[in-house]
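Before any comments, here is the structure.
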Amino acid sequence: MPSFDPVSPQGLSISNLFWFELIVSGLLLALVVGVLVIALTRFRAAPGDATEPPQRHGNRRLEVIWTVSPAVLLAIVFVLVIATIRTVDADQPGARTLRVVGHQWWWEYVYADPQATTANELHVPTGTPLQMSLESIDVIHSFHVPQFGWMQDLVPGKANRMSILVDRAGVYDGYCNQYCGLQHAWMRVRVVAEPLTPSGARGEQVFLQNTCVACHAIRGLPPTADIGPDLTHVGGRSTLGAGVIDNTPDNLRRWIFNPQAIKPGVLMPAYQKLGDADLSALVDYLESLK
Ligand code: HEC
Ligand SMILES: [Cu+2]
């Protein structure tokens, strides 16, 4: 059952709570059934014995125990539920934003910065928090990927929030979980979660932590600018600097290190202070953007 194999910390906290409650309920069931079985067997009337059993009225100690212990148990569950809700709803610093729009009978995904739109198959990087805003164009839908560990409704005229961080690479299937018309059953979701390569992930950090973002946009990253060329697909271009050099890892390295040497007067500063490792990671990352 995929719901029992969550791939996000949000889903894990829900399934941990579920297991705790399941085990406690199981123990209680065993206790009640156990006491019942003992009562039925040990205190059974012997055949032919018609005498009344001794009559008792109340037992204060027992009554206190069976009132206080469920109250304490419920208080514990209450605290755990609140803690779980807070984990699931927690703001995730640095989250990428994604709008999910439900249509009869397909999904639209809109990335915010800069805007880009795809449908149905959702590609997400592992280890990167996502802040989803769920809306609907027509009727109520529900975005349910069982391995995310929780689902959220898409309601017309209202935006619902869903925070998720997928921490394991893989392909996760889901579906619309709210009957939404004739083809409701064919409103599937497929999520493909892939890691940024370690070097790529580092490269992305280098990109974000230097002033690159003051001039360049990369789709899917937090707010960026458009003074320089959009770098979302820079790895797929055959030249750099509007044709001044071929796009090879070596040339890209030289470009970032000192673009003035390649295109005098260029309106991009040199980054000669970047360390060798950071520069390599940055080049790997940019070349991977195809
Ligand atoms: C002050 C603004 C500015 C900053 C900061 C800046 N760039 Fe640029 N960048 C530009 C401009 C403008 C160009 C286009 C130059 C040209 O071709 O004449 C450019 C071009 C590029 C290109 C070539 C793109 C192409 O399609 O040819 C790459 C790659 C690039 N920048 C990477 C970076 C990286 C990485 C950083 C941060 C380490 C960075 N830039 C910081 C302004 C900037
Ligand atoms: Cu639907």
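The values are calculated or read from the model by the stated rules, or taken from the named source; none is laboratory data. What you see is a predicted model, and the numbers here were worked out from it, not measured in a lab. As a convention, Cβ positions derive from the backbone with ideal geometry for all residues, glycine included, and neighbour counts pool all protein chains shown.
List of remarks:
- Elements of type strands (runs of 3 or more DSSP E) in the range 160-207, at least 1 residues being modelled with pLDDT under 90 and among the acidic types (Asp, Glu): 188-194
- Check on Val189, in contact (Cβ under 8 Å) with a residue 40 or more places away in the chain, crowded, with 16+ Cβ neighbours inside 10 Å and within 14 Å of Ser142 (Cα to Cα): yes
- Failed item, numbered, when Asp113 is tested on (1) away from ligand 2 (no atom under 16 Å from the Cβ); (2) more than 17 Å from Ser8 (Cα to Cα); (3) modelled with pLDDT of 90 or more; (4) surrounded by 13 or more Cβ atoms within 10 Å (Cβ to Cβ): (3)
- Scanning the range 19-67 for residues being of a type outside the set (Lys, Arg) and assigned to a helix (DSSP H, G or I) gives a total of 29.
- Taking (1) under 30 Å from Tyr172 (Cα atoms); (2) surrounded by 13 or more Cβ atoms within 10 Å (Cβ to Cβ) in turn, His233 satisfies each apart from (2).
- Selection status of Gly220, more than 16 Å from ligand 2 (Cβ to nearest atom), over 24 Å from the mean Cα position of the chain (by Cα), surrounded by 15 or more Cβ atoms within 10 Å (Cβ to Cβ) and under 26 Å from Asn120 (Cβ atoms): no
- Enumeration of residues in the range 81-110 that are closer than 28 Å to Gly228 by Cα, small (Gly, Ala, Ser) and crowded, with 16+ Cβ neighbours inside 10 Å: Ala95
Okay, residues lined up against (1) among the hydrophobic types (A, V, I, L, M, F, W, C); (2) more than 30 Å from Ser163 (Cα to Cα); (3) not assigned by TED's automatic domain parsing to the domain that holds Val145:
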residue: Leu17; (1), (2), (3): yes, no, yes
residue: Ile23; (1), (2), (3): yes, no, yes
residue: Leu31; (1), (2), (3): yes, yes, yes
residue: Leu36; (1), (2), (3): yes, yes, yes
residue: Glu52; (1), (2), (3): no, yes, yes
residue: Ser69; (1), (2), (3): no, yes, yes
residue: Leu73; (1), (2), (3): yes, no, yes
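- Residues satisfying the stated conditions in the range 243-255, i.e. free of Cβ contacts under 8 Å to residues at least 24 places away in the same chain, assigned to a helix (DSSP H, G or I) and within 10 Å of ligand 1 (Cβ to nearest atom): Asn251, Trp255
- The range 256-290, residues that are in a helix (DSSP H, G or I) and near ligand 1 (Cβ under 6 Å from one of its atoms): Ile256, Leu282, Leu286
- The set of residues in the range 3-18 that are closer than 14 Å to Ala169 by Cα and of a type in the set (A, V, I, L, M) contains only Val7.
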